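Step one of this worksheet: look at the structure below.
The values are calculated or read from the model by the stated rules, or taken from the named source; none is laboratory data. All of these numbers come straight from a predicted model, not from anything done at the bench. Counting neighbours? That spans all protein chains shown, and the Cβs are built from the backbone with ideal geometry, glycine included.
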Amino acid sequence: MKKMLFIVNPAAGQRKILRQLAEVIGLFNQAGFEVTVYMTAQPGDGKRLAREHCDRFELVVCAGGDGTLNEVISGLLEAGADVPVGYLPCGSTNDFAATMKLPTGILQAARVIVEGEPQAQDVGAFGDRYFTYVASFGAFTRTSYTTPQSVKNLLGHLAYWLEGIQELAQLRPVHVRLELEDEVVEDEFLFGAISNSRVVGGVLTLNHRQVDLRDGQFELLLVRMPRDRNELRECILALRDQNYDCGSITFRSVSCLTAYPEPGLSWSLDGERCDWKESIEIRNLHRAVRIIRQKEEL
């Protein structure tokens, strides 16, 4: 039998994986896998388990949200392991799963793992850390890591909106200098994202024709502080219509960049807080991980 390492975050989402765990393991067994299950108990467990145990398995599967997937992939990259990854999306937003067109149902996603095929995907390097689909800063970024897990479980996407609304009165731009391959961008920004995803925050959707998960390029989206209400309205319409020809927005593809943020700026890596006080080199690791997808999506 093929050996599978199954890393489960029991606290993710509404703990729905626990209600179907036996069925999922049974499905994997029937497909010819000998399954070893580890439950995470605290942040960092997913990365540690993947790093320490991946060399004994032919497949690593994780059940949890985007943060759990980030940990597992980070552990594999730190170990230098080329092991396929299966993903059961059980979080509150599951942005990466939406981009990958993975089913939201647990059993349906499990079937993709046993019936699908691995596809090499790009991953981001953020200094000595990694991100699967987005590194962001500014407005609403803080919400993703300050909203309590219990609130996320209860309200789902609504939790992000409710917590975000509380931030509106406190919105302020942040000063960031970005050195790209062929230009320097420096301004006061409301929001910035370096992403490899079509969905960010469960709310912002990028034009799918402009996003390729395996082309060695990130999509850089920067939103400057609008000078007046007309600019703010123009910016909102541009983001809604996915037409980024707007004076307040910079949108382009990059493979690497260096960011020089203002002191005290916190970043979000796949929805998890990351404090970085100095300059950060952000690089695209071209097709660095293999993730199992439905065959028709390859």
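Let's see how each residue does on (1) assigned by TED's automatic domain parsing to the domain that holds Glu58; (2) acidic (Asp, Glu); (3) touching a helix residue (DSSP H, G or I) at 6+ places or on another chain (Cβ under 6 Å); (4) at pLDDT below 85:
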{"position": "Thr141", "(1), (2), (3), (4)": "no, no, no, yes"}
{"position": "Thr147", "(1), (2), (3), (4)": "no, no, yes, yes"}
{"position": "Ser150", "(1), (2), (3), (4)": "no, no, no, yes"}
{"position": "Gly156", "(1), (2), (3), (4)": "no, no, no, yes"}
{"position": "Ala159", "(1), (2), (3), (4)": "no, no, yes, yes"}
{"position": "Leu168", "(1), (2), (3), (4)": "no, no, no, yes"}
{"position": "Leu180", "(1), (2), (3), (4)": "no, no, no, no"}
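Are any residues in segment 225-277 among the hydroxyl-bearing types (Ser, Thr, Tyr) and either modelled with pLDDT of 80 or more or in contact with a Leu (Cβ under 7 Å, 6 or more places away or on another chain) (or both), and if so, which ones?
Restricting attention to segment 225-277, the residues satisfying the condition of being among the hydroxyl-bearing types (Ser, Thr, Tyr) are 244, 248, 250, 253, 255, 258, 260, 266, 268.
Within segment 225-277, Ser248, Thr250, Ser253, Ser255, Thr258, Tyr260, Ser266, Ser268 meet the criteria.
May I ask you to list the residues in segment 85-103 that are crowded, with 21+ Cβ neighbours inside 10 Å and part of a loop (DSSP other than H, G, I, E, B)? Explain how you work it out, then say what you get.
Filtering segment 85-103 for residues crowded, with 21+ Cβ neighbours inside 10 Å gives 85-97, 99-100, 102.
Cys90, Gly91, Ser92, Thr93, Asn94, Leu102 - these are the residues of segment 85-103 that are crowded, with 21+ Cβ neighbours inside 10 Å and part of a loop (DSSP other than H, G, I, E, B).
Quick check on segment 228-247. Is at least one of its residues of a type in the set (Gly, Ala, Ser), part of a helix (DSSP H, G or I), free of Cβ contacts under 8 Å to residues at least 60 places away in the same chain and farther than 15 Å from Ala135 by Cα?
yes
Output the residue which, of all residues in segment 41-80 that are part of a loop (DSSP other than H, G, I, E, B) and out of contact with any Leu (no Cβ under 7 Å at 6 or more places or on another chain), is surrounded by the most Cβ atoms within 10 Å (Cβ to Cβ).
It comes out as Gly65.
Given the structure, is Leu222 in a loop (DSSP other than H, G, I, E, B), at negative phi and at pLDDT 85 or above? Can you show your working first?
Values: in a loop (DSSP other than H, G, I, E, B): no; at negative phi: yes; at pLDDT 85 or above: yes.
So Leu222 does not fit the description; no.
Being hydroxyl-bearing (Ser, Thr, Tyr), over 23 Å from Ala41 (Cβ atoms) and touching a residue at least 24 places away in the same chain (Cβ under 8 Å) is the filter here; which residues of segment 52-110 pass it?
At the first step, the residues of segment 52-110 found to be hydroxyl-bearing (Ser, Thr, Tyr) are 68, 74, 87, 92-93, 99, 104.
Now narrow it down to the ones that are over 23 Å from Ala41 (Cβ atoms): 99, 104.
Matches in segment 52-110: Thr99 only.
Residue-by-condition table, conditions (1) touching a His at 6+ places or on another chain (Cβ under 8 Å); (2) outside the structural domain of Tyr87 (by TED's automatic domain parsing); (3) surrounded by fewer than 17 Cβ atoms within 10 Å (Cβ to Cβ); (4) hydrophobic (A, V, I, L, M, F, W, C):
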{"site": "Gly247", "(1), (2), (3), (4)": "no, yes, yes, no"}
{"site": "Arg252", "(1), (2), (3), (4)": "no, yes, yes, no"}
{"site": "Ala259", "(1), (2), (3), (4)": "no, yes, no, yes"}
{"site": "Ser268", "(1), (2), (3), (4)": "no, yes, no, no"}
{"site": "Glu272", "(1), (2), (3), (4)": "no, yes, no, no"}
{"site": "Trp276", "(1), (2), (3), (4)": "no, yes, no, yes"}
{"site": "Ile282", "(1), (2), (3), (4)": "no, yes, no, yes"}
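Grab the strands (runs of 3 or more DSSP E) fully contained in segment 251-298, keeping just those with 3 or more residues being over 17 Å from Asp128 (Cα atoms).
Values: elements: 256-261, 266-269, 272-275, 280-293.
In segment 251-298, 280-293 are the strands (runs of 3 or more DSSP E) which contain 3 or more residues that are over 17 Å from Asp128 (Cα atoms).
From Ile25, Ile17, grab the single residue that is surrounded by fewer than 22 Cβ atoms within 10 Å (Cβ to Cβ), in contact with a Cys (Cβ under 7 Å, 6 or more places away or on another chain) and in a helix (DSSP H, G or I).
Values: Ile25 fails: in contact with a Cys (Cβ under 7 Å, 6 or more places away or on another chain).
Answer to the check: Ile17.
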